[in-house]
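Worksheet: the structure to be examined is printed underneath.
What follows is calculated from the coordinates using simple rules that are stated; it is not laboratory data. Values in this document were obtained by computation on a predicted structure and should not be read as measured data. Positions of Cβ are generated from backbone atoms using ideal geometry, with glycine treated the same way; all protein chains shown enter the neighbour counts.
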Amino acid sequence: MDEKTTNGLVIHGDRCLGCGLCIPVCPFGALEMVDGVVRVEETVCTLCGACVEHCPVEALELIRHTRKVADAAAWSGVWVFAETQGESFHSVVYELLGVGKGLARARNAILTAVVVGDRDESSMAPLFIQGAERVILAAHSDLAAYNDEPFARILERLVREYRPEIVLAGATAIGRALIPRAATLLGTGLTADCTGLEIDPESGNLLQTRPAFGGNIMARIVCASHRPQMATVRPRVMKALVADPLRRSGQIIHYTPSSDDLVCRTRVESIISDATGDPDLTSSEIIVAGGRGVGGAESFRLLKELAEVLGGTVAASRAAVDAGWIAADRQVGQTGKTVAPKLYVAVGISGAVQHVVGMSSAETIIAIDKNPSAPIFEMADVGLVGNLFEILPPLIRRFRELKSTGHTGSAKEIFGEKSMDFQKN
Ligand SMILES: Cc1cc2nc3c(=O)[nH]c(=O)nc-3n(C[C@H](O)[C@H](O)[C@H](O)COP(=O)(O)OP(=O)(O)OC[C@H]3O[C@@H](n4cnc5c(N)ncnc54)[C@H](O)[C@@H]3O)c2cc1C
């Protein structure tokens, strides 16, 4: 193993002019001037390196040493944690197999789906159809319902035995509970909510991209010193492969959980599937979302009517959720859900980056806003500029008419000549 060297910001006092140019540049206030020489508060410095390039005399130096994995060659393969949903698998599993296939190809490795639950071999076909080359199945009747302790322990045991290089899971409620536990047990790193995953052709490391600093930058994170490299990805961010119905089977490795594996201090009494009873946003094909412009809970009725006539479901920006107009599980965006519907109607939503990051994969975006300069129009396919309370009622009526005659009109026909048509970049 390479020598372990401490990362850090080194200040070459002999070169520092005491000009102070670096101090306001630090976003964390970690630098101060002491006796004419800059000093760093190490507990505050995040090693972002912003100060380094601003020093005119190269008095600041960022030391980043990566400790190589001792037995890197012993770790091989890409794993996808196959979260079950009743008798089937969560849709994110197929999306992870889609991205996992490319990663496995780049590493010349095998793509494996790992199933923990009360399942049998016969229900593994969807995993093979969607790209898995191998399945590891840890089946037991005690594992019928998800529970942190036994699931994390079993995943840890499997990782220690088979040594995959990469482990992916959905950033679902279960994935977010399980993967940090497993990563801690394994003493490795985890990058949550990745929006991009690729292999660095030089080092072979997994490059994990995710929004950081409130969505203002995209950070690229590398787990260079530990294995496996673990990441979660939100549903609807990656694309599933085209299903291959001829590939219904493949190698299945059975793991029999021991009584130690199954030890658990908590018990699942019952599962309440959905607090609101509304359809799941992440799998909705048509979404009508409202923002602060909607003005109140009562006005969301109009959006519900539009969603109903379109056969869709209602969502919201964080501003609307924070105002208490709609339930938190309806929020789209960085701290809400990521959606990729066929149609997204944004009503009274300005298009802040933290919102857009959750819906930019929608196939068609219609924006309704009274401000023609609202950023949402930059990404909309169709823009309607005006007061939503004047636009929505006739729009709902028009869709009802079209629906009753079984007609589907063009955007111009439905919205009229006043609509702004935008070409997506
Ligand atoms: C760390 C962090 C995470 C965040 N996560 C999220 C997230 O997950 N999701 C999210 O949405 N936001 C998130 N935000 C908040 C985000 O930055 C914005 O504040 C929020 O998206 C704004 O919501 P909005 O577009 O509804 O409101 P506004 O930005 O206030 O926009 C309201 C729009 O309504 C229009 N309007 C007003 N009245 C009418 C009318 N009568 N008819 C037509 N149009 C009208 C206005 O012109 C305006 O464009 C996050 C912020 C931070 C810092």
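Sorted from fewest to most neighbouring beta carbons within 10 Å, what does the list His90, His54 look like? Intermediate values should be presented prior to the final figure.
Working: His90 22, His54 14.
So the ranking, lowest neighbour count to highest, is His54, His90.
With each run of n ≥ 4 DSSP H residues scored as -39500 (n - 2.57), what mean residue ellipticity at 222 nm is computed for the chain after dividing by its residue count and rounding to the nearest 500 deg cm²/dmol? Before the final figure, lay out each step's value.
Details: 11 runs with 100 residues, N = 425.
Rounded to the nearest 500, it is -6500 deg cm²/dmol.
Counting other C-beta atoms within 10 Å, and keeping those with at most 12, which DSSP coil GluC sites (Glu not before Pro) do you find in segment 254-356? Kindly include the intermediate steps, with their values, before the conclusion.
Working: sites: Glu269, Glu285, Glu298, Glu305, Glu308; in loops: Glu269, Glu285, Glu298.
Answer in residue order: Glu269, Glu298.
Give me Rg over Rh for segment 281-421, both radii from the alpha carbons and Rh done the Kirkwood way, two decimal places.
With Rg and the Kirkwood Rh in hand, the quotient comes to 0.93.
Just to be sure I understand: of the beta bridges DSSP finds with both ends in the chain, what percent are antiparallel, rounded to 5? Let's see the in-between values first.
On the way: 22 of 68 bridges.
The answer is about 30 percent antiparallel.
Loop only by DSSP, 12 or fewer other Cβ within 10 Å of the Cβ. Give me the trypsin sites (Lys or Arg not before Pro) in segment 181-241 that pass, ordered by residue number.
Qualifying residues, ordered by number: Lys239.
So for the chain, Kirkwood radius off the Cα pairs, Stokes-Einstein at 25 °C and 0.890 mPa s: how many µm² s⁻¹?
Working: Rh = 24.6 Å.
It diffuses with D of about 100 µm²/s by this estimate.
Please count, across the chain, the pairs of lysine residues with Cα atoms under 16 Å apart that sit 8 or more places apart or on different chains. Mind showing how you got there, number by number?
Details: Lys4/Lys68; Lys101/Lys239; Lys239/Lys342; Lys342/Lys424; Lys370/Lys418.
Count of close lysine pairs: 5.
Given the options Ala171, Ser259, Val92, identify the residue whose Cα lies farthest towards the positive end of the charge dipole of the chain (+1 on Cβ of Lys, Arg; -1 on Cβ of Asp, Glu).
Most positive-ward Cα: Val92.
Give me Ile286, Ile326, Ile217 ranked fewest to most by other Cβ atoms within 10 Å of their Cβ, as a rough exposure proxy.
Details: Ile286 17, Ile326 23, Ile217 10.
Listed from fewest to most nearby Cβ atoms, that is Ile217, Ile286, Ile326.
Name the residue from Gly333, Pro27, Gly187 whose Cα lies farthest towards the positive end of the charge dipole of the chain, charges +1 on Cβ of Lys and Arg and -1 on Cβ of Asp and Glu.
Comparing the listed Cα positions along the dipole, Gly333 ranks first.
With charges only on Cβ, +1 for K and R and -1 for D and E, what is the dipole size of the chain about its Cα centre, in debye, rounded to 20? List each step's numbers first, then the result.
Values: 42 positive and 50 negative charges, 120 e Å.
Roughly 580 debye for the chain.
Please report how far the C-alpha centroid of segment 16-83 lies from that of segment 206-267, rounded to the nearest whole angstrom.
Spelled out, the Cα-based centre of one part sits 29 Å from the other.
Looking only at Cβ-Cβ distances, which cysteines of the chain have no other cysteine closer than 4.7 Å?
Singleton cysteines: Cys16, Cys19, Cys26, Cys45, Cys48, Cys55, Cys194, Cys223, Cys264.
Translational diffusion coefficient of segment 1-65 at 20 °C, 1.002 mPa s, Stokes-Einstein with Kirkwood Rh over Cα pairs, in µm²/s as a whole number.
Working: Rh = 12.1 Å.
D = 177 µm²/s.
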